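All remarks here apply to the structure that follows.
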Amino acid sequence: MTSRRLWDISQPVRVGIPVWPGDTAYGEERTWAIGPGCPVNVSRLTLSSHTGTHADAPLHYDADGVPAAGLDLDRYIGPALLLHIPPGQPAVTVAQLEGRVPAGTVRLLLRTYDRFPQGGWRSDFTAMDAGCVDWLAARGVQLIGVDAPSLDPQDSKTLSAHHAVRRHGMGILEGLVLDDVPEGTYELVALPLKLATADAAPVRAVLREL
Ligand SMILES: Nc1ccccc1C(=O)C[C@H](N)C(=O)O
Ligand SMILES: [Zn+2]
Ligand SMILES: [Zn+2]
């Protein structure tokens, strides 16, 4: 039985992982260490809810929104279409998607980096126009996944793309690493941690050939 190829599209969460300016740096502290009288290593992890590859919950952009534990898991498992967007654009536009998103596409992943900036924070990431979110919702898309750290520009005060997602009740994955994955349709698995009251949650995201 031939095994279907699996792509790990998650950032390695490590000390020094680039985070949103001003956000919590990732930290790891050994609270128990293997040694005489201690059979285990245990760590204390310090991280932002938006560290690395993660799922936003509506609570992130809506004070009355559901937290991570309330996310509909169906959104994060199932067929997903991956499209490549030419790098260096300020925002993804409908023109770049027209004719490329078959009606009934439920999960859409967009690669906007040529190479994911693992080495340091980049504020010039490709965001998404709110009109693009509306257009995708009209085609039946229920989950938008991006390699960028946000759907809105870093200096956005309106979060227009996030609020378009809210209006349409869509899901969001951010911080995906899509560098080596060809365009196409895959099985996505990217389940958010069941954080009871948090506004986002880390995911281990993978794509598997169908
Ligand atoms: N840490 C932050 C602090 C303030 C404002 C945004 C962030 C973000 O991380 C962006 C987030 N990933 C987003 O969902 O757009
Ligand atoms: Zn986020
Ligand atoms: Zn977001």
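Here are the numbers for the structure shown:
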quantity: Selection count, region 189-207, where residues are in a loop (DSSP other than H, G, I, E, B) and either within 13 Å of ligand 1 (Cβ to nearest atom) or touching a Ser or Thr at 6+ places or on another chain (Cβ under 9 Å) (or both); calculated: 6
quantity: Subset of region 140-188 [assigned to a strand (DSSP E or B) and either in contact with a Pro (Cβ under 8 Å, 6 or more places away or on another chain) or within 16 Å of ligand 2 (Cβ to nearest atom) (or both)]; calculated: Leu143, Ile144, Gly145, Val146, Gly171, Ile172, Leu173, Glu174, Thr185, Tyr186, Glu187, Leu188
quantity: Residues within region 155-185 that are within 16 Å of ligand 3 (Cβ to nearest atom), more than 22 Å from Gly65 (Cβ to Cβ) and touching a Lys or Arg at 6+ places or on another chain (Cβ under 6 Å), tallied; calculated: 0
quantity: Search result, residues across region 38-68 that are open to solvent by less than 40 Å² (accessible area, probe 1.4 Å) and away from ligand 3 (no atom under 14 Å from the Cβ); calculated: Cys38, Pro67
quantity: Test: residue in region 77-87 that is within 15 Å of the chain's Cα centre (by Cα) and either open to solvent by 60 Å² or more (accessible area, probe 1.4 Å) or more than 24 Å from Asp147 (Cβ to Cβ) (or both); calculated: yes
quantity: Gly120 assigned to a loop (DSSP other than H, G, I, E, B), at pLDDT 95 or above and away from ligand 3 (no atom under 16 Å from the Cβ); calculated: yes
quantity: Region 134-185: number of residues that are open to solvent by 60 Å² or more (accessible area, probe 1.4 Å) and among the hydroxyl-bearing types (Ser, Thr, Tyr); calculated: 2
quantity: Criterion: open to solvent by 60 Å² or more (accessible area, probe 1.4 Å), touching a Lys or Arg at 6+ places or on another chain (Cβ under 8 Å) and at negative phi - qualifying residue of Leu188, Leu210; calculated: Leu210
quantity: Near pairs, Cβ below 6 angstrom, 6+ apart or cross-chain, from region 146-164 (within 9 Å of ligand 1 (Cβ to nearest atom)) to any residue that is open to solvent by 60 Å² or more (accessible area, probe 1.4 Å); calculated: Gln154/Ser123
quantity: Every residue from region 123-139 that is within 14 Å of ligand 1 (Cβ to nearest atom) and either part of a strand (DSSP E or B) or farther than 20 Å from Tyr76 by Cβ (or both); calculated: Ser123, Phe125, Thr126, Ala127, Met128, Ala130
quantity: Residue within region 54-63 that is outside any helix (DSSP H, G or I), touching a Phe, Trp or Tyr at 6+ places or on another chain (Cβ under 9 Å) and at pLDDT 95 or above present; calculated: yes
quantity: Inter-residue pairs, beta-carbon under 6 Å, first in contact (Cβ under 8 Å) with a residue 40 or more places away in the chain and in region 74-90, second outside any loop (DSSP other than H, G, I, E, B) and open to solvent by 70 Å² or more (accessible area, probe 1.4 Å), 6+ apart; calculated: Pro79/Thr185; Leu81/Thr185
quantity: Single match in Leu97, Leu108 (criterion: more than 15 Å from the chain's Cα centre (by Cα), farther than 19 Å from Pro18 by Cβ, in contact (Cβ under 8 Å) with a residue 24 or more places away in the chain and open to solvent by less than 70 Å² (accessible area, probe 1.4 Å)); calculated: Leu97
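The values are calculated or read from the model by the stated rules, or taken from the named source; none is laboratory data. The model shown is predicted, which means the values in this text are computed figures rather than measured ones. Quick reminder, even Gly has a Cβ in these numbers, built from the backbone with ideal geometry, and neighbours come from all protein chains shown. Just so you know, the surface numbers come from the protein's heavy atoms only, side chains and all, with ligands and any DNA or RNA stripped out. Shrake-Rupley method; radii C 1.70, N 1.55, O 1.52, S 1.80 Å.
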